[in-house]
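Let me begin by presenting the structure, written as C-alpha cells, before commenting on it.
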Amino acid sequence: MKIISQGALTELLDQVAREKRLIAPVEEAGTIRYRPVGGSGEIAFDFARPLLSIKEAFFPPTETLLTIARNGGQVTLQEVMPEEEQVIFGVRPCDARGVKALDAVFSGERVPPDPYYGRRRQQTTLIGLACREMGETCFCTSVGGAPDEAGNVDLMLTEVEDGYAVEAITSRGESLLQGMTLTDVTGAPSPPRLNDPVPVPAAGAWAEQFEDAFWAALGERCLSCRLCAYVCPTCRCFDVRDEPLPAGQTQPDPQTQYLERVRCWDSCTGANYRRVAGGHNPRAEEGERLRNRFFCKFDFYPQQYGPLACTGCGRCIDVCPVNVDVTEVLAAVAAMVPVKIPEEVSA
Amino acid sequence: MTLSTEIREKARELLASGQVRTVIGYEEGLRGRTRPAFVTDVDDVERLVWNRACTHNLTTYLPGRLRPPHQSNGAGPDERVAIVAKPCDSRAINVHLAEQRYTRDQLHIIGVACAGIVEGAGESRPEKDGPLQARCQACTERTPVIYDTLIGEAPPVTEVADPVGEKMAELEAMTPAGRMEFWLGHFDRCLRCYACRQVCPACNCPTCLYERDDSLWTGMAIRLQEKRAFHLGRAYHLAGRCIGCDECERVCPVNIPISLLNRCLSAELERSYGFRAGEAPVPSPVTTMLSGEEG
Amino acid sequence: MMFEPRIIGFLCTWCSYTGADLAGTSRLQSPWNLRAVRVPCSGRVSPELIMRAFDEGADGVLVLGCHIGECHYDNGNHRTAKRMPPLHALLAFAGLEPERLRLDWVSASEGERFARIVSEFTEAVRELGPCRWRRAGPALPRPELAPAPAERGG
C-alpha cells in the first residue's frame, strides 16, 4: 500500500485550501460539522461522523436559483449558478454512498438534470476517509456498504500507524497526489471492526405492510420535526418560493419589483408537507408520514432507481428526540415479511 | 413497590375499568434510551417505567390527542387519557387548560414526585446517577401542581444551583453589541429543523406564523435573519406560557441555548406581574387587559 | 453628512394619527424622519410587526396609542401596554438598544406632545447611530429589466 504521512497530508490540505474551497470536519459548539476551512489547522482530524452529511455541499439548506426583475408584464430572470471549486476532506463511505443516491435523482438519466446540483457535483473532489470501526448506531454493511468502501470518492484514505494508506480512485484523485511523497509499504490496512447486521426487507416486500397498524403506533411519539430528514445523506425534499429581495440594497428602479427564487430543505415528516390547496392533507397523521419516509428509503426509491436510499449512517437514530430508530423499524418490518436481503444493493 | 410498578398498577386499573383509552407514559427504548410510550392494552402496561431519564414533557401530545368536540375539526383519537406528569410537566397542563385545548375531565393525571432528571436523558445510555440537567438543578418543586394520582413521595430539596440564571447574569452584563454577537453566533448554526417547536407543549398553532406559505412574518430561507425571527418570535409567543421544561434546548441538534430566551421572558413576567406560568389554569398576563398595572 | 435615522411610526387612527395631523396643521416643527403607518388601534401593532420593521432596516420604531382609558375600542391599548415591556426585554436581550423602541400615548388634541415625542425619539436614535439589527442575506445580482416589446399594430 502507499502511505502518506500526517505531515504530508496537512501540507496537501493547506495547498488545497489556498487554491480552492476546502471543506472538512470542524468542531463547532460541541458538534462536528463539515465547514469551509482556511487551513488544516482548523480540521478536527479525530472525528467519528459529523452531525450533517456532505449533502449540504451539493444541495445546500438554502440556495438562490434565480433572481427576478418584474415590472408589470415584463419579467427578466437571471440564473445564480454556483461557481466555486470545492474539495471535501474526511468523507465517510456512508456519505459518499449518499451522494451517489442523490446523483440518481438530481442528475440521472430519468429526470431533467438539476443544473445547480450538477455544477456543484462537477466542481467537487471527494477525499474519503475509511472508518476503523462501525459506530454504535452504524449499519452500513446491512445496506450494501462498508466502513472502508472506496468506490464513490476520488481519493481514499485509511488510517494506519504512520499516517494514512492512500488510494487514488479517479483521475481527479490522482492529480491531487501530484508531487506528494508517498511511501510504499507491503501489506494492507487492517479490516475495520464490524457490527452485527440488521435485517433489511427487500423493496417490493414492503407494500403488503402498508396498512399494518405498526405505522400508526410508531407515529404516536413522532414529533414531526425534520431532524431525521435534515441529517440524512439521501433525503432531498425541498420547497421553492419567490420572495422579495431584501430591502435596503439600492433599488435601481422603484417601479420594478426584485425577487429571488429560493430553494430550501423541507421534509415529508412535517405536518403540512403534503397539505394541498383546498386544505386536504393525505398524510395528516404522524404514522402516515413516518411510513412514507421509510417506504421512500427502502421501497419507492429502490424501485425507481435501483439501490437503497439508506446508507446505514445512523444519524437519524442519534438525533431523534423520541427514539424512533430505523433499525427497530427494519426489524419490525422484517418480522412481518420473509426477509430477503436484496441481491443488487449497490449502484 | 417501585415507582415503575406503582405506575403500571395504576395504568392497569385505569385501562381495565375503561376510565381511559390510552396511558401516556415512558418506556425503555432501544440502546438504553427512555422514550414516550402509548399504552392502550392492559397486557402492555409492563412497558411503562419511571426513572431519572424520563426527560420528555409528555403533555406535548395532549392537544393533538384530545381535541375537544367543540372544535370544528372534530375530536382527537382519544376522549380520555392518563398521562404521567412530572412537576414541571404538570404546569404545562394548566397552560393547556387555561387555553381550552381540552377539559380537565378528559385527563387522569398520574403525577410523579421528582428529584430531577439526569444530563443526557433521551440520548443513548445516560449515566443514571449522573449530574442533573440544568433546569433540574434550579428546581424546588417536588410534586406536580395538578394531579389525580400521586406516585412517590416528595424528596427533600437539598442543594439548589442555577446555571441558567448565572448565564443570564453574564449576558445581562454585556453590551447590546456583545449580546447581539452572542445570539447571532448561535442562530447561525440553526437548521430550522423545528425540533424545538415540535417538542414544546405550548407550541400548537395549526400553522406556525414562521412557516406561512406567504412568508408574511419571515422568509422561508434557512438564513440568519429568518432564523433569528423564528427564535425570537417563538420565545415571545411563549411569554407567560413556557413552563421551563427546557426540552427545546435538549432536542436542539446544534446546542443553541434556547432556554435563555424563554427565561428572559419568564423573568420579565415575574418581575412585572408576579406571574409564573402554569401555577394555575389562568392565561398569560400578556393576553389579558390591564387591571391596575397601568403606567 | 449627518446620519438621518429611518423611524417607523405606528399611529392609531383615533388618537395619535389625528394628533399628528394636528401637529401638521398647527405648523409645528417635527423631524421628517418618521414614516407614519396608520393602524386602527395601537393594539393592532403586534410584536411581529415591530420585529419585521427592524428586520427590514428601521433604525427606530415608535408606537403611539391613545392614553389608557381613552381607547376608541375600549381596551385595545391595554394589550399594547402589556405587550411592549416583554418585547422590549426580549429585543434588548437579543442585542437591540432599548432606546430604539418606544411606546407612548398621544391624544387627538395633543399636537404639541406629538411633535415633542417625535423630536425626542428621533434625536435619541440619531445619537445611537445606524441600527445594526438587520442581517442582509447574500448579495445577489439584480437582473436588468429587458426593454419593453415593440407596440403591436400600426
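Determine the relative contact order of chain B: mean sequence separation of Cα pairs under 8 Å and six or more apart, normalised by residue count, in whole percent.
Reported as a whole number, the value is 17 percent.
Just checking the output field for B:177-185: average partner chain Cβ neighbours within 10 Å of each residue's Cβ? List each step's numbers first, then the result.
Values: counts 3, 1, 5, 8, 1, 3, 3, 3, 1.
Mean shielding count: 3.
Of A:Pro25, A:Pro254, A:Pro36, which is the most mobile in a GNM of chain A whose springs link Cα atoms less than 10 angstrom apart?
Between A:Pro25, A:Pro254, A:Pro36, it is A:Pro254 that shows the largest mean-square fluctuation.
Would you mind classifying the protein assembly as shown by shape? Square roots of the alpha carbon gyration tensor eigenvalues, ordered a ≥ b ≥ c; an a/c under 1.5 is rounded, otherwise it is prolate if a/b is larger than b/c and oblate if not. Please list the in-between numbers first.
Details: a/c = 1.81, a/b = 1.19, b/c = 1.51.
Cα axes put the protein assembly as shown in the oblate bin.
Considering only DSSP states other than H, G, I, E and B, which GluC sites (Glu not before Pro) in region C:37-116 qualify as loop sites with at most 16 other Cβ atoms within 10 Å?
Details: sites: C:Glu48, C:Glu56, C:Glu70, C:Glu99, C:Glu110, C:Glu112; in loops: C:Glu56, C:Glu70, C:Glu110.
Filter output for region C:37-116: C:Glu56, C:Glu70.
Please return the longest stretch of chain C lacking exposed loop sites, where trypsin sites (Lys or Arg not before Pro) count only if DSSP places them in a loop and at most 10 other Cβ atoms lie within 10 Å. Intermediate values should be presented prior to the final figure.
Working: sites that count: C:Arg27, C:Arg152.
No qualifying site falls inside C:28-151, the longest such stretch.
Can you tell me, using C-alpha contacts under 8 Å and at least 6 residues apart, the relative contact order of chain A as a whole percent?
It rounds to 21 percent for chain A.
Provide the packing ranking of B:198-208, C:87-97, B:244-254, i.e. peptides ordered by the mean count of other C-beta atoms within 10 Å per residue, highest first. Write down the numbers at each step before the final one.
Details: B:198-208: 18.9, C:87-97: 21.5, B:244-254: 23.3.
Result, highest mean first: B:244-254, C:87-97, B:198-208.
Which helices, counted as full DSSP H runs in chain B, have an axial Cα extent of no less than 30 Å and a Kyte-Doolittle average of 1.6 or above?
On the way: long enough: none.
Once both thresholds are applied, nothing remains.
In peptide A:223-236, how many Cβ atoms from other protein chains are near each Cβ within 10 Å, on average? Don't jump to the answer; show the numbers that get you there.
Numbers: counts 12, 5, 9, 6, 8, 1, 1, 7, 3, 0, 0, 0, 0, 0.
Rounded to a whole number, the mean comes out at 4.
For region A:258-343, which GluC sites (Glu not before Pro) are both in a DSSP coil and crowded by at most 13 other Cβ atoms within 10 Å?
On the way: sites: A:Glu260, A:Glu285, A:Glu286, A:Glu288, A:Glu328, A:Glu343; in loops: A:Glu285, A:Glu343.
Those that pass, being in a loop and sparsely packed, are A:Glu343.
For chain B, what is the calculated [θ] at 222 nm in deg cm²/dmol (nearest 500), taking -39500 (n - 2.57) for each run of four or more DSSP H residues and dividing by its residue count? Intermediate results must be reported in sequence, preceding the final value.
Details: 10 runs with 98 residues, N = 295.
Using -39500 (n - 2.57) per qualifying helix, the result is -9500 deg cm²/dmol.
Mean-square fluctuation check for chain B, GNM, Cα pairs under 10 Å: which of B:Gly18, B:Gly152, B:Gly278 is largest?
Taking springs between Cα atoms under 10 Å, the residue moving most is B:Gly18.
With a 10 Å Cβ neighbour count serving as the proxy for reagent exposure, in which order, fewest first, do C:His67, A:His280 appear?
Details: C:His67 15, A:His280 9.
Least crowded to most crowded, the residues run A:His280, C:His67.
Can you give me the Cα centroid spacing of region B:171-246 and region B:131-152 in angstrom?
Region B:171-246 and region B:131-152 have Cα centres spaced 27 Å from each other.
State the Cα centre-to-centre distance between region A:297-315 and region A:25-68 in whole Å.
The two parts, judged by their Cα centres, are 23 Å apart.
Pop out the ³J(HN,Hα) list for region A:130-142 in order, Karplus 6.51 cos²θ - 1.76 cosθ + 1.60 with θ = phi - 60°, rounded to Hz; leave Gly and Pro as x.
Couplings: 5, 8, 6, 8, 7, x, 4, 9, 7, 8, 4, 5, 7 Hz.
For the cross-link pairs A:Lys100/A:Lys297; A:Lys55/A:Lys100; B:Lys86/B:Lys167, which exceed 19 Å when the distance is taken from alpha carbon to alpha carbon? Don't skip to the answer; put the middle values down first.
Numbers: A:Lys100/A:Lys297 14 Å; A:Lys55/A:Lys100 10 Å; B:Lys86/B:Lys167 25 Å.
From A:Lys100/A:Lys297; A:Lys55/A:Lys100; B:Lys86/B:Lys167, over 19 Å: B:Lys86/B:Lys167.
Calculate the mean, over all residues of peptide C:57-69, of how many other protein chain Cβ atoms lie within 10 angstrom of the residue's Cβ. Mind dumping the intermediate values first?
Values: counts 4, 0, 0, 0, 0, 0, 0, 0, 0, 0, 1, 3, 2.
Going residue by residue through C:57-69 and averaging, the value is 1.
If you build a Gaussian network model of chain C, linking Cα atoms that sit under 10 Å apart, which residue out of C:Gly129, C:Gly43, C:Gly19 swings the most?
C:Gly129
Mind putting together the pair-distance distribution for chain B? All Cα pairs, 5 Å bins, whole percent per bin, short to long.
With a bin width of 5 Å, the distribution comes to 1, 5, 11, 15, 17, 17, 14, 10, 5, 3, 1, 0, 0.
FYI, it's all coordinate maths here, none of it is from the lab. This structure is a prediction, so every number in the text was calculated from the model and none was measured. Note that we place each Cβ from the backbone using ideal geometry, even for glycine, and neighbour counts take in every protein chain shown.
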